[in-house]
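Next up is a structure, given as structure tokens.
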Amino acid sequence: MGYIMDLRNYVGHAPLIMTSAGVLFIDDKKRVLLQKRADNGFWSYPGGSMELGETFEDCAKREAFEETGLTCLELTYFTHLSGERMHYIYPNKDEIYSAEIIFLCNAYSGELKVQAGEVMEQRFFALDELPEHILPPCAELLRELKEKL
């Protein structure tokens, strides 16, 4: 079921520190892959929580593949996110403070596929043509990414 879900059996909806990793896929046109989350309808990057024994890189690759069907061939550290800005309450009332490493991925293989139940839609966007309703921490990352590309 997964480490975080196992913890939820003990703590219910109480706040957890969730260690996680995310991937900003960049295509050859310098567009970024975003996905519309099924749980809240916001756009964000692929990623999720670590399992026991995983490295940040392993977590990023696994979550990216599960959610997008893309295999990361190379990851580059981009930034980390933590603190109050990473506080989130899910629609089911589970509460987290995420501590997350974000990677860039320009080298990948595979075909895009939507993970049923977690992702409603996904596509690449130009950094000056982003959709509305982006998760706030993701919007900050995209501004930083636009400055660096």
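Out of Leu7, Ala21, Leu112, whose Cα points farthest toward the positive end of the dipole of the chain (charges: +1 Lys, Arg; -1 Asp, Glu; placed on Cβ)?
Sorting the options by dipole projection puts first Leu112.
Nearest 500 deg cm²/dmol is fine: what mean residue ellipticity at 222 nm does the chain get from its DSSP H runs of n ≥ 4 alone, each adding -39,500 (n - 2.57), divided by its residue count?
Details: 3 runs with 35 residues, N = 149.
That comes out to -7000 deg cm²/dmol.
What is the distance in Å between the Cα centres of region 83-149 and region 48-73?
14
While we're looking at this one, here's another question. Sorted by mean Cβ packing within 10 Å, highest first, what order do the peptides 74-81, 60-67 take?
Averaged packing, sorted descending, gives the order 60-67, 74-81.
Expressed in nm to one decimal, what extension gain is obtained for the pair Thr76 and Ala38 from 0.36 nm per residue of sequence separation less their Cα-Cα distance?
Value of the extension gain: 10.9 nm.
On to the next question. Is there a quick way to get the dipole size of the chain? I mean about its Cα centre, with the Cβ of Lys and Arg at +1 and of Asp and Glu at -1; what is the value in debye to the nearest 20? Don't skip to the answer; put the middle values down first.
Working: 15 positive and 25 negative charges, 52 e Å.
For this selection, approximately 260 debye.
Starting with the highest mean, order 14-26, 100-112 by the number of other Cβ atoms within 10 Å, averaged over the residues of each peptide.
Values: 14-26: 19.4, 100-112: 17.5.
Ranking, from highest mean packing down: 14-26, 100-112.
Nearest 10 degrees, 0 to 90: what angle lies between the long axis of helix 56-68 and the longest principal axis of the chain (Cα atoms)?
80
Taking N as the number of residues in the chain, what is its Cα Rg relative to 2.2 N^0.38 Å? Before the final figure, lay out the partial values.
Details: Rg = 14.7 Å, N = 149, 2.2 N^0.38 = 14.7 Å.
That works out to 1.00 for the chain.
Further question: May I ask you to give the percent of accessible area on the chain that is carbon plus sulfur, with a probe radius of 1.4 Å?
On the chain, the fraction of accessible area on carbon and sulfur atoms equals 53 percent.
Also, quick follow-up: Say R0 is 30 Å: what FRET efficiency, to the nearest 0.05, do Glu147 and Tyr10 get from their beta-carbon distance?
With R0 = 30 Å, the Cβ-Cβ based efficiency is 0.10.
Now for a different question. Mind checking the angle between helix 136-148 and the chain's longest principal axis? C-alpha axes, 0 to 90 degrees, to the nearest 10.
30
So who's got an amide H within less than 5 Å of the one on Phe103, skipping anything under 5 residues away but keeping other chains? H placed 1.01 Å off N, in plane.
Amide H neighbours of Phe103, under 5 Å, 5+ apart: Gly22, Val23, Leu24, Phe78.
Please work out the FRET efficiency for the pair Lys113 and Asn92, using the Cβ-Cβ distance as r and a Förster radius of 30 Å; give the result to the nearest 0.05. Walk me through the numbers before you get to the answer.
Details: r = 25 Å, r/R0 = 0.83.
Once the sixth-power term is evaluated, E becomes 0.75.
The values are calculated or read from the model by the stated rules, or taken from the named source; none is laboratory data. Here the structure is a predicted model, which is why all the values come from computation and not from measurement. Note: ideal-geometry Cβ built from the backbone for every residue, glycine included; neighbour counts use all protein chains shown. Accessible surface is based on the protein model in full, side chains and every heavy atom, while ligands, DNA and RNA are left aside. Shrake-Rupley method; radii C 1.70, N 1.55, O 1.52, S 1.80 Å.
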